[in-house]
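Beneath this line is the structure, given in structure tokens, with notes to follow.
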Amino acid sequence: MKRRASLQLIGGGVVFAAAPALTGCSSDLPAQALQAWEGPGNESDPRRWILSYAILAPNSHNLQSWRVDLRQEGLVTLYCDTTRLLPETDPYSRQIMMAQGTFLELFDMAAREKGYRTEIDLFPQGVFGPKAVDQRPVAQIRLTPDGAVAKDPLFAQILRRHTNREAYEDKAVPSQAVAALQSSVSPFAIQAGVIANGDQLQLHRAIAKDAWRIELTTPRTILESYRVLRVGPEEITKYRDGLSLNDPMVRALVRFGLFDRTKAPQPDDMAVTGEVKKFNAKLDSTSAFFWLITEGNDRKTQVNAGRAYARAQLAATALGLSMQPLSQALQEYPEQAKPYADIHRLLGANPATHTVQMWARLGYAPPVQASPRRGVDSHLIRT
């Protein structure tokens, strides 16, 4: 499916509304940027084989903020790539920590599939503080061959899992699917649920609409997304991360210097209001919302929430369901204070003791293309 970027002539210049890149990327992405989704092939090193699946984990803005050290035999040490953070929309790096968790969960699944047992030691040199991440390791993983280790049936969904930002079908999510999603996160101390009917659906939609509008019309937050926007085959293939946009019209504008990614659009631009309207329509077509709530919000809790979300999305994939995180209302910058409070109140989570770690659209939708991945080598620490 091709998607037209919204353009508007304003004051003699061309302004591009970034929303297409945020709510759904253009299709027809370069094959080279998607090679990682073909799997490990004949990879002989079991650690690299396992990593080839772990790097396919869902992660915020597709930053892929993972650095991996394989220099010690039998060990894999995971670090957060502190050059790949979101200081404006994720000021305390909660989402980045969840992405460390999604990586670890897929790593564990792949290790089991390969016949290895994992011992995961979180924050072996000390836990990060609540305000910032640093250069200490997130996890150290010891791999031990174990022919009796139980394989995880969700592993089969890793190469099929993709975040779907398109419109969802007007089709109810059955109660059996809800139960399966809740069961999928049972290895972790976390509450999971689905809102699939009743008046609360409208309340969820309203909060999501408000939060999306705020992020799109706050200059510093939209510019943060612009900075990781990859336009056209050359950029997409070169970086293999971020938000991909391969629309021919936008590519032409970039070629002629008419698209300035250093300037935010005005909130009342027709391009912006049009994108808000399109995303609102997607929310109106959404028949269910999925959520995860934890008691507490320390770094280990955030990592484990990411592990739980990875399992839930894989379980949804197995059921033919799609998910799209609605991260805006969970972000902790001042402009999002009201949506943040509203979604916590609606889900009965007192922010003083509990945190909504994930909130996502859930439903049936046509399949979508994968997002680019940088490949195993780009994550490895060499010296």
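The values are calculated or read from the model by the stated rules, or taken from the named source; none is laboratory data. Since the structure is predicted, the reported quantities are computational estimates derived from the model, not experimental observations. We place every Cβ from the backbone using ideal geometry, glycine too, and count neighbours over all the protein chains shown.
Can you tell me which condition D134 does not meet? The list is (1) part of a strand (DSSP E or B); (2) surrounded by fewer than 16 Cβ atoms within 10 Å (Cβ to Cβ); (3) touching a residue at least 40 places away in the same chain (Cβ under 8 Å), and all the others hold.
Every condition holds for D134 apart from (1).
Check the stretch 145-159 and report whether any residue there is crowded, with 21+ Cβ neighbours inside 10 Å, farther than 21 Å from S244 by Cβ and in contact (Cβ under 8 Å) with a residue 40 or more places away in the chain. Explain how you work it out, then say what you get.
Within the stretch 145-159, the first condition is being crowded, with 21+ Cβ neighbours inside 10 Å, and the residues that meet it are 158.
Those left that are additionally farther than 21 Å from S244 by Cβ: none.
Within the stretch 145-159, not a single residue is crowded, with 21+ Cβ neighbours inside 10 Å, farther than 21 Å from S244 by Cβ and in contact (Cβ under 8 Å) with a residue 40 or more places away in the chain.
Which one of these is without any contact (Cβ under 8 Å) to a residue 12 or more places away in the chain and either aliphatic (A, V, I, L, M) or at negative phi (or both): S44, S52, S60?
None of the other options fit; the residue is S44.
Can you pull out the residues in the stretch 168-194 that are closer than 24 Å to V368 by Cα and buried (at least 18 other Cβ atoms within 10 Å of the Cβ)? It would help to see each step written out before you state the result.
Step one: filter the stretch 168-194 for residues closer than 24 Å to V368 by Cα, giving 168-174, 177-178, 180-181, 184, 194.
Scanning the stretch 168-194 gives Y168, V173, A177, V178, L181, S184, V194.
Table: residues versus (1) of a type in the set (D, E, K, R); (2) not in a loop (DSSP other than H, G, I, E, B); (3) not assigned by TED's automatic domain parsing to the domain that holds E38.
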| site | (1), (2), (3) |
| --- | --- |
| F155 | no, yes, yes |
| R165 | yes, no, yes |
| Y168 | no, no, yes |
| V173 | no, no, yes |
| Q176 | no, yes, yes |
| A179 | no, yes, yes |
| Q182 | no, yes, yes |
| F188 | no, no, yes |
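If a residue has to be surrounded by fewer than 18 Cβ atoms within 10 Å (Cβ to Cβ) and outside any loop (DSSP other than H, G, I, E, B) to count, how many in the stretch 343-368 make the cut?
Total meeting the criteria: 2.
List every residue pair whose Cβ atoms sit under 9 Å apart, with the two residues 6 or more apart in sequence or on different chains, where the first one lies in the stretch 315-334 and is in contact (Cβ under 8 Å) with a residue 60 or more places away in the chain and the second, anywhere, is aliphatic (A, V, I, L, M) and surrounded by fewer than 19 Cβ atoms within 10 Å (Cβ to Cβ).
A315/A180; A316/A180; A318/A156; A318/A180; L319/A180; S322/V368
Keeping to the stretch 195-211, report how many residues are in contact with a Pro (Cβ under 8 Å, 6 or more places away or on another chain) and surrounded by fewer than 20 Cβ atoms within 10 Å (Cβ to Cβ).
Selection size over the stretch 195-211: 1.
If I ask for residues that are of a type in the set (G, A, S) and over 15 Å from A179 (Cα atoms), which ones from the stretch 300-339 would you list? Before the answer, list the steps.
Just the residues of the stretch 300-339 that are of a type in the set (G, A, S), to begin with: 305-306, 308, 310, 312, 315-316, 318, 320, 322, 327, 329, 337.
Across the stretch 300-339, the qualifying residues are A305, G306, A310, S322, S327, A329, A337.
Is there a residue in the stretch 46-64 that is at pLDDT 95 or above and loosely packed, with under 15 Cβ neighbours inside 10 Å?
Here is the first cut: in the stretch 46-64, the residues at pLDDT 95 or above are 46-64.
In the following step, the residues that additionally are loosely packed, with under 15 Cβ neighbours inside 10 Å were identified as none.
Checked against the condition, which is being at pLDDT 95 or above and loosely packed, with under 15 Cβ neighbours inside 10 Å, the stretch 46-64 yields no hits at all.
Could you list all residues from the stretch 238-272 that are among the polar types (S, T, N, Q), under 26 Å from the mean Cα position of the chain (by Cα) and surrounded by fewer than 18 Cβ atoms within 10 Å (Cβ to Cβ)?
Result: T262, single match.
Testing I214 on (1) buried (at least 19 other Cβ atoms within 10 Å of the Cβ); (2) touching a Leu at 6+ places or on another chain (Cβ under 9 Å), one condition comes back false. Which one is that?
(2)
What is the one condition in (1) more than 20 Å from the chain's Cα centre (by Cα); (2) farther than 20 Å from Q202 by Cα; (3) among the hydrophobic types (A, V, I, L, M, F, W, C) that A310 does not satisfy?
(1)
Filter the stretch 309-323 down to the residues that are outside any loop (DSSP other than H, G, I, E, B), in contact with a strand residue (DSSP E or B) (Cβ under 7 Å, 6 or more places away or on another chain) and either at pLDDT below 95 or farther than 14 Å from R94 by Cβ (or both) and list them by number.
First, the residues of the stretch 309-323 that are outside any loop (DSSP other than H, G, I, E, B): 309-318, 322-323.
Going one step further and asking which of them are in contact with a strand residue (DSSP E or B) (Cβ under 7 Å, 6 or more places away or on another chain), we end up with 309, 312-313, 316, 322-323.
Residues satisfying the conditions are A312, Q313, A316, S322, M323.
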